[in-house]
Amino acid sequence: MTPSLRRIWIVFRKEVVDNLRDRRSISSSLLTPLFMPFFLIAMIMVMGRTIMADLVEQPLDLPVVGAEYAPGLMAYLRENNVNILPGPADPRAAVQEGEANVVLVISPEYGEAFQRGQPAPVQLVIDSTRTSSAAHIERARQLIGGYSATIAALRLTARGVDPGILTVLSVERVDIATPQGRAVIFLNMMPFLLVMTIFIGGMYVIIDTTAGERERGSLEPLLINPVPRRDFVLAKLLASLPFAAAALGIALLLFGLLFNLVPLENYVGIQMNVDAQVMLNIFWVSLPIVLLASAMQMVVASFTRSFKEAQTYLPFLPLLAGLPGAFLAFVPVKTSLWNALVPIFSQSVLINQFLRAETVAPVYLLISAAATLSAALLFILLAVYLYNREGILFGAK
Amino acid sequence: MITVSHLRKTFGKVTALRDVSFQAEDGRVTGLLGPNGAGKTTTLRILYTLLRPDSGTAAVDGADVTRQALEVQRSIGALPDSKGLYPRLTARENIRYYGELQGLSGRRLEERIGALADLLEMENILDRRTEGFSTGERMKVAIARALIHDPRNILLDEPTSGLDVMSTRSMRAFIRRLRDEGKCVLFSSHVMQEVSALCDTIVVISNGAVVIEGSAEQLLRATGQTSLEDAFVAALGSGEGLQQ
């Protein structure tokens, strides 16, 4: 072993032993990853059920106030799979309190206006901010619009006019989204949650070995030892890696278990591949992020004077670094070689591909790893530079 | 042996050291006396390679502190201003860590830990985690880890601050013992009595410059005083920032 490797091993071993005895380091490495997969699965199941449970097949319950004024409309609705319910005394309050998703109110003037061929007044009482009612509201609107169009066509025909004249455009809506489509958004957040897990997993070790060392007053005596600063930086960085990698591993293990226990395909409506091999692939692909995350945190922590200060700044890092990847949840992006160059984003793309059993281009994989490792190297060099300055003794500036 | 010549150091607009020169010989205790803020800690930090001087030179056993930092670090044992330990490690583990960083290992290291524990009367706390140690116990661990590699030059920054009377007495005895072994001991203090009681050579420092330097007799003669403490006050122009 070269002297440098020996020194790095000494510092590495001390930091690992020291942090294994620290409740904060252990819990951030071992407990955070437990939370993420449960959070994700719960979101997918809740969203999959409430928003997009397949409503078309089921009869729509529609409370109607003044149903007696519009027998024709009622008959049309019943034909179209609607359960007409007696209307509540106060429709606004009923919608506000969530007793009804939508209430149809037919005014007493309806019959007279209808007879004279004038627009007959009806009201749909809705709350447009409540997303869980959106499907009900949309369906009630379409049915009433449909009735209106049917009657209009009949009236024109009775007057000898082709009803087609009113239809300028013939719009056919082809909705290719599966009813469960929106739940996929949450599945797409998995890479982001993994990135968070990696950052948090190593965070306390990084803080403890840098800002914590300064706060305890043990940094000054430590740096007097005949060890180049570079070796200290590398050893402390390496010491955080097992903690971050353990967090990633535990999270993936749990993701894998839960994905196989919960029939997720029913919720997300896509073919998914969640066997052990896929989870292992995701682990390998994410490893460069582990190094990058620790190096970034090392640089930021070198400026902070205390544990508390470091704890204030470090949690912003995964948010910033994970943001491009999080966009993937909402905007589909085609893989291209340039986006393989963006660290963390490229891994997010790859993780999504693995989960969907899509073919992964080896070139993309290679560039992704190389780009992320290069970025990590830059941060490591920056950390070494910062540790070689006198200011490292005092923090900040 | 430690040689310091015309050190100058500024932090932004603050001039910490203007002109500091002195020499600390082997087999002697050299005391840096001065009020707080005089530049004692900055001088020591330059000597143990944590700060680089703007100008001037400092050398330990002939090795330059800026150009031969690792060599200097191997030949000194330092008790700096911060004396923090690792609270989740035992006293033994704290000391062993520094020993390994100094290149010791195996039986030699363990024997050395045993010898220091014996010397510092700390066997009873050796295998306890240092969390909750008293100031005196912490100081013993800090000294043991600083001296684990048996360095020829020993630098101590305010080694008795916060210690009770008993601990202070044993610290003084320990410093004399190191001197008698032929070590070069340099320590800083703002306590006049301590410097008078211990030092063979006294360097009085104020506002980043050496005011007077020499043995007790030389200081008395130069200032025309009969007691050392009066000599310090006369040299500094005031006793402000010092402690009897």
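The values are calculated or read from the model by the stated rules, or taken from the named source; none is laboratory data. A quick note: this is a predicted structure, and the numbers were derived from the prediction, not measured. Ideal geometry is used to build each Cβ from the backbone, glycine not excepted, and the neighbour counts take in all protein chains shown.
Of note:
For (1) surrounded by fewer than 22 Cβ atoms within 10 Å (Cβ to Cβ); (2) modelled with pLDDT of 90 or more, each residue gets a yes or a no:
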residue: A:D275; (1), (2): yes, no
residue: A:L291; (1), (2): no, yes
residue: A:S294; (1), (2): no, yes
residue: A:L319; (1), (2): yes, no
residue: A:P324; (1), (2): yes, no
residue: A:F354; (1), (2): yes, no
residue: A:A357; (1), (2): yes, no
residue: A:P362; (1), (2): yes, yes
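- For segment A:205-234, a residue qualifies if it is more than 13 Å from chain B (Cβ to nearest Cβ), over 20 Å from B:P80 (Cβ atoms) and buried (at least 23 other Cβ atoms within 10 Å of the Cβ), and the qualifying residues are A:I206, A:I207, A:V233.
- When B:R96 is tested against the conditions (1) buried (at least 16 other Cβ atoms within 10 Å of the Cβ); (2) among the charged types (D, E, K, R); (3) within 24 Å of B:G241 (Cβ to Cβ), the lone failure is (3).
- Odd one out for B:L116, checked against (1) more than 13 Å from chain A (Cβ to nearest Cβ); (2) out of contact with any strand residue (DSSP E or B) (no Cβ under 6 Å at 6 or more places or on another chain); (3) exposed (fewer than 14 other Cβ atoms within 10 Å of the Cβ): (3)
- Pairs where the first residue, in segment B:138-156, is more than 14 Å from B:V72 (Cα to Cα) and within 11 Å of chain A (Cβ to nearest Cβ) and the second is part of a helix (DSSP H, G or I) and aromatic (F, W, Y), C-beta under 7 Å, 6+ apart: B:R145/B:Y98; B:I148/B:Y98
- Test: residue in segment B:150-171 that is over 22 Å from B:G39 (Cα atoms), crowded, with 21+ Cβ neighbours inside 10 Å and in contact with a Leu (Cβ under 7 Å, 6 or more places away or on another chain): yes
- Scanning segment A:303-322 for residues being under 15 Å from A:G202 (Cβ atoms) and not in a helix (DSSP H, G or I) gives a total of 2.
- Condition check for A:T157: over 37 Å from the mean Cα position of the chain (by Cα), over 22 Å from A:L60 (Cα atoms), of a type outside the set (D, E, K, R) and outside any loop (DSSP other than H, G, I, E, B): yes
- Residue match in segment A:90-108 (condition: among the polar types (S, T, N, Q) and within 14 Å of chain B (Cβ to nearest Cβ)): no
- A:E112 being farther than 30 Å from A:G212 by Cβ, outside the structural domain of A:M190 (by TED's automatic domain parsing), free of Cβ contacts under 8 Å to residues at least 60 places away in the same chain and not in a helix (DSSP H, G or I): no
- Of all the residues in segment A:215-245, those that are of a type in the set (V, I, T) and in contact (Cβ under 8 Å) with a residue 24 or more places away in the chain number 2.
- Test: residue in segment A:246-259 that is more than 20 Å from the chain's Cα centre (by Cα) and surrounded by 20 or more Cβ atoms within 10 Å (Cβ to Cβ): no
- Positions within segment B:38-57 being surrounded by 15 or more Cβ atoms within 10 Å (Cβ to Cβ) and either hydroxyl-bearing (S, T, Y) or in contact (Cβ under 8 Å) with a residue 60 or more places away in the chain (or both), in sequence order: B:A38, B:G39, B:K40, B:T41, B:T42, B:T43, B:L44, B:L47, B:Y48, B:T49, B:T57
- Screening A:P119 against (1) surrounded by 17 or more Cβ atoms within 10 Å (Cβ to Cβ); (2) over 43 Å from the mean Cα position of the chain (by Cα); (3) not aliphatic (A, V, I, L, M) leaves a single unmet condition, (1).
- Residues being at pLDDT below 95 and more than 11 Å from chain A (Cβ to nearest Cβ) - total across segment B:95-106: 1
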